[in-house]
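Colleague: My questions will all concern the structure given below.
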Amino acid sequence: MKKVMTTIVAAVLMTISAQAQVQPKVLGENHAMIRVEQGKKYMLLPVQEKEENAHIAVLDGRNEMVKRLNVRLAVDKVDYFVPLELKQAQLLDITFQGDRRTTGAVKDFACWKELKYSETFDTTNREKFRPAYHHTPLYGWMNDPNGMFYKDGMWHLYYQYNPYGSQWENMTWGHSTSKDLIYWEAQPLAIESDWLGTIFSGSSVTNGNEVVAFYTSAGQHQVQSMAVSKDGGQTFEKYSGNPVLTSDVPDFRDPKAFWNEDAKVWNLILAAGQEMRIYSSKDLKDWKYESSFGQGYGNHGGVWECPDLFKIDGKWVLLCNINPGGPFGGSATQYFIGDFDGKKFTCESMPKVTKWLDYGKDHYATVSFYNAPENRRVVLAWMSNWQYANQVPTKQFRSANSIPRDLGIFRYGEETYVSVVPSKEMLAVRGQKVKKPTETCEIVVDMKGSATIELSNAKGEQVVLNYDAQKQTFSMDRTKSGDVSFSEAFPCVTTAPTYGNIRQLRLFIDRCSIEAFDSDGKMAMTNLVFPNEPYNTIKVKGGKATIFEINK
């Protein structure tokens, strides 16, 4: 079991006596209230994912709202529970949506029979597809990685998080920390919604002893806000001058701030529709618009999101995540290479050229850690796709992050590309050699030319990987990989250019994912899989495989 699970004290849900059960007051066909019993730590809310959201206002003793959230409260059966920490709560004001003619009378909903108070919440893993060495939330929904930085020997990862269900909603910043980039410890929520809106994606920088976070407040409009931490990123105080940036563009989000040593200025890049806007500042508070990039460049099949801008080996790289518009449908990460003078980014490629960082279906919202040691450019991605992220076959949690990757630069033909290799920390967890694949392993395949690799199990489920040395392509076929029934967009074959020969392939398998890398960094491909039992057989034609355990 991964450390992130063992570091949290596992607790069994309390058996609640009839006197301790929640007593609601149903006021109408779509309205109810609950007077909160004082002295209780949690109320366990029963969720049924197929239902519409109920809107819950949490009121204090003065009937002032301290929190608002949307929860798919159970109507006829309970899929799972989520904890509402009661703190200041005195009264819950609940409004239901939907047509009561089809869902029935509110007074008969299953949620009223199942609502419970508890002093604990059980986070013990109940999912066979939960990864062992990839970051996941303890429970609930996760999407984009946010605000990542390295400081005092600790890697900090924030992420888009819904604590009140395992589908997208109630965006806050969750928080996890790691000393080795592989095994993560869950931390308390970092930044929660306020009257400016829910908390969308953003970034963090270290400025002396402070950590400064920038994020999108997503309310009636999307605006940019700031918060400051004086305890190393554990807690944040929101800036009294928020918002620090506004616009009349509907999609205006995901600020990525960084210190530009070349220009001796703070820069910030964010997504505005289908372009990126660049700003500068001397104090991190007052931002000056400098320029925009994107008109006519790269792929514009969807909204541009989650930018990053950094320098590698003398070249500036602009990451641009896009949804939809990916090479195989849905979301993906494209990038541009060029020059940046602190004011304007100039792409060195022709406008029509599109470059993808990863050619799988499940690699999105890629951003880098600020202040990574040894001048490394370390990135994480959200390992899913918006086409089916809400439907993948897990319930306790949804979504994981990719393994950490280090980026570099290589040249092929007339173009410059970004190389992607597993971070060196993955070598530190490589265990002993084994004869058969397991549900958590690394497979290294040495090849002299074209090769085919087949991973399979006794149920006939399989993933076929094919390298064509003549065409210089690599593909992964997951059409028969296991459970593919939850989305028509899931079964697919993904194909990548290899920009030359692949001599060695590294495959990372972790229960519900396969990540493939050319050892030289010229190709990366990330795909989810949901086999009903682990792949325990490998057949290799045109190469030799060595299988390593992953130390957990």
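The values are calculated or read from the model by the stated rules, or taken from the named source; none is laboratory data. All values derive from a computational prediction rather than experimental measurement. Ideal geometry is used to build each Cβ from the backbone, glycine not excepted, and the neighbour counts take in all protein chains shown. These accessible areas exclude ligands, DNA and RNA; they are computed on the full protein's heavy atoms, side chains included. Shrake-Rupley method; radii C 1.70, N 1.55, O 1.52, S 1.80 Å.
Colleague: What ranking, highest mean first, results for peptides 521-528, 439-446 when packing means the other Cβ atoms within 10 Å averaged over each residue?
Modeller: Final packing ranking: 521-528, 439-446.
Colleague: Please find the FRET efficiency linking residue 412 to residue 458, where r is the Cβ-Cβ separation and R0 is fixed at 35 Å, and quote it to the nearest 0.05.
Modeller: Step by step, r from the Cβ atoms, then E = 0.25.
Colleague: Roughly how many percent of the accessible protein surface of the chain is carbon and sulfur, given a 1.4 Å probe and a whole-percent answer?
Modeller: C and S atoms contribute 47 percent here.
Colleague: In addition: What is the magnitude of the charge dipole of the range 421-552 about its Cα centre, with +1 placed on the Cβ of each Lys and Arg, -1 on the Cβ of each Asp and Glu, and no other charges, expressed in debye to the nearest 20?
Modeller: 500 debye
Colleague: Binning every alpha carbon pair distance of the chain at 20 Å from zero, what are the percents per bin?
Modeller: 21, 53, 24, 2
Colleague: For q values of 0.13, 0.20, 0.21, 0.29 Å⁻¹, compute log₁₀ I(q)/I(0) with the Debye formula on a Cα-only model of the range 384-441, without solvent.
Modeller: With no solvent term, the Cα-only Debye profile gives -0.66, -0.97, -0.97, -1.11.
Colleague: Using per-residue counts of other Cβ atoms within 10 Å, averaged over each peptide, order 386-395, 302-311, 406-415 from highest down.
Modeller: Put in order of decreasing packing, that is 302-311, 386-395, 406-415.
Colleague: Over the chain, with the other protein chains present, what is the accessible area per residue in square angstrom, probe 1.4 angstrom?
Modeller: 40 Å²
Colleague: Still on this model: I'd like the chymotrypsin sites (Phe, Trp or Tyr not before Pro) in the range 450-542 restricted to DSSP loop residues with at most 13 other Cβ atoms within 10 Å, sorted by number.
Modeller: Passing sites in the range 450-542 are 486.
Colleague: Subtract the Cα-Cα distance of residue 350 and residue 79 from 0.36 nm times their separation in residues, and report this length gain in nm to one decimal.
Modeller: 92.5 nm
Colleague: Which value, in Å² and to the nearest 10, is the accessible area of residue 347 when all protein chains are kept and the probe is 1.4 Å?
Modeller: 20 Å²
Colleague: Among 318, 102, 550, whose Cα sits farthest toward the positive end of the charge dipole of the chain (+1 at Cβ of Lys/Arg, -1 at Cβ of Asp/Glu, about the Cα centre)?
Modeller: Selected residue: 550.
Colleague: Ok, one more. Taking the range 396-496, how many lysine pairs are there with alpha carbons less than 21 Å apart, if each pair must be eight or more places apart or span two chains?
Modeller: 6
Colleague: State the answer as a single residue: which of 279, 202, 356 lies farthest towards the positive end of the charge dipole of the chain, with beta carbon charges of +1 for Lys and Arg and -1 for Asp and Glu, about the Cα centre.
Modeller: Looking along the dipole axis, the top candidate is 356.
Colleague: For a protection proxy built on the mean count of beta-carbon atoms within 10 angstrom, sort 33-39, 421-427 highest first, please.
Modeller: For the peptides 33-39, 421-427, the packing ranking is 421-427, 33-39.
Colleague: Which semi-axis lengths, in whole Å and largest first, follow from the square roots of five times the eigenvalues of the Cα gyration tensor of the range 242-368?
Modeller: In descending order, the three semi-axes are 23, 17, 12 Å.
Colleague: At most 14 other Cβ atoms within 10 Å and a DSSP loop assignment: could you name the GluC sites (Glu not before Pro) in the range 59-166 that fit?
Modeller: Taking the range 59-166 and a limit of 14 other Cβ atoms within 10 Å, the loop GluC sites (Glu not before Pro) found are 64, 119.
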